[in-house]
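Trainee: Attaching a single structure in structure tokens format; questions to follow.
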Amino acid sequence: MPLAALGTACADGTRDTPTEEDYADIATSIGITASHQGDEVSALRAAAALARGDVPPGLARGNDGGFTGTTAGRDYHYVLTCHTANGAAVAPCGPTSTGAAVRTTWSSELELPYLAVSIAHDATWQLTGITRSIAHVDGIGHLAYDTRDNASGYHYRYDATYHVVVDDQRAIGGDIELAISTEHTAPAGTVARRFAIDAQLTFSPDDTAELTLDGTRHYRIALATGAVTPIAPSLAARFTTGAPASGRG
């Protein structure tokens with residue numbers, strides 16, 4: 001997940017109020033990870049496929065019974081316990097699975113002469129209502145994203161709560177709630193700037209999602225590409241009041 005530069009340093013390191021640029025950067029990052037091939041949705045879809053007994057490309061069963069592999073430069077590991085609708089165990093997971101407990105991690109490391117980037121993600125999910133086309137996913141997850149160069153470092157964290165419906169290509173319903181914290185360190189290692197943002201990402205079956213940051217900034221995400229478009233305040237109010245959303249641009 002990319003993280004843009006965070007602006008001017010704050011001498012005492014206290015928590016800052018996010019700027020409009022901060023909100024835009026966070027929205028862009030969430031748009032990328034929520035897209036069809038983004039980290040979050042790809043991992044959710046892969047978990048659902050494994051529960052059905054379908055092993056996605058790049059993954060293979062390991063000696064521990066879990067599945068491990070590398071895709072798009074990220075290392076993945078999944079451990080699943082599957083069951084039928086009446087609670088009977090399904091081992092290995094397969095077409096009769098209607099539910100599953102999933103533990104997963106994915107991570108990546110990049111070390112260049114003047115830049116280091118690391119991503120670490122873990123999640124615990126409960127899958128229910130599994131069919132050949134959809135699955136309901138509930139659970140929690142945590143992400144740490146860090147970059148460091150010769151001048152400074154950026155540290156991005158979030159805690160996620162999932163209530164999502166996925167099919168074999170995308171997220172089609174439900175939401176993800178994110179508690180995000182971001183920190184910029186100066187060359188001496190002191191904290192130059194930090195802020196926190198709460199996010200709610202709500203998926204729609206029309207291949208879009210609405211993103212709300214701190215309850216005040218609203219964006220529409222085109223899930224096919226991850227492109228993010230701000231929603232004007234007057235239009236955003238229609239989402240929160242339940243009024244018709246005609247005229248959304």
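The values are calculated or read from the model by the stated rules, or taken from the named source; none is laboratory data. Just so it is clear, the structure is predicted and the values come from calculations on it, not from any experiment. When we count neighbours, we look across all protein chains shown, and the Cβ atoms used for this are built from the backbone with ideal geometry, even at glycine. What goes into the accessible areas is simple: the full protein's heavy atoms, side chains included, and nothing from ligands, DNA or RNA. Shrake-Rupley method; radii C 1.70, N 1.55, O 1.52, S 1.80 Å.
Trainee: Helix-only mean residue ellipticity at 222 nm, the chain, DSSP H runs n ≥ 4 weighted -39,500 (n - 2.57), per residue, nearest 500. What is it? Working shown, then result.
Mentor: On the way: 3 runs with 37 residues, N = 249.
Value at 222 nm, helices only: -4500 deg cm²/dmol.
Trainee: Also, quick follow-up: For helix 39-51, what angle does its Cα long axis make with the longest principal axis of the chain, in degrees from 0 to 90 and rounded to 10?
Mentor: It is inclined by approximately 10 degrees.
Trainee: If we count every other residue with Cβ under 9 angstrom of residue 68's Cβ, Lys/Arg +1 and Asp/Glu -1, where does the sum land? Write out the running numbers ahead of the final one.
Mentor: Working: positive: 61; negative: 64, 75.
Net of charged neighbours comes to -1.
Trainee: Hey, another quick one. So what does residue 105 come to for accessible area, using a 1.4 Å probe and Å² rounded to 10?
Mentor: Rounded to the nearest 10, the figure is 70 Å².
Trainee: Which value results when the Cα radius of gyration for the stretch 39-95 is divided by 2.2 N^0.38 Å?
Mentor: Details: Rg = 11.6 Å, N = 57, 2.2 N^0.38 = 10.2 Å.
Its radius of gyration relative to the 2.2 N^0.38 Å reference: 1.14.
Trainee: By the scheme Lys and Arg +1, Asp and Glu -1, what is the net charge of all other residues having a beta-carbon under 13 Å from that of residue 110? Working shown, then result.
Mentor: Working: positive: 74, 148; negative: 75, 109, 111, 146, 149.
Net local charge, residue 110 excluded: -3.
Trainee: Cβ neighbours within 10 Å, averaged per peptide: list 38-47, 162-171 in order, most packed at the top. Don't jump to the answer; show the numbers that get you there.
Mentor: Details: 38-47: 23.0, 162-171: 19.8.
Packing order, densest peptide first, comes out as 38-47, 162-171.
Trainee: For the chain, with a Gaussian network of springs between Cα atoms less than 10 Å apart, report the residue from 19, 202, 128 with the top mean-square fluctuation.
Mentor: Answer for the Gaussian network model of the chain: 19.
Trainee: Next question. What FRET efficiency comes out for residue 101 versus residue 157 if R0 is 30 angstrom and r is the Cβ-Cβ distance? Round to the nearest 0.05.
Mentor: Numbers: r = 25 Å, r/R0 = 0.83.
So the FRET efficiency works out to roughly 0.75.
Trainee: So, one more: Can you give me the accessible area per residue for the chain, using a 1.4 Å probe, in Å²?
Mentor: Working: 11770 Å² over 249 residues.
For the chain, the solvent-accessible area averages 47 Å² per residue.
Trainee: Follow-up. When Rg and Dmax of the Cα atoms in Å is calculated directly from the model, which label among [x] 22.9, 72; [y] 19.4, 59; [z] 34.7, 98 fits?
Mentor: Entry [y].
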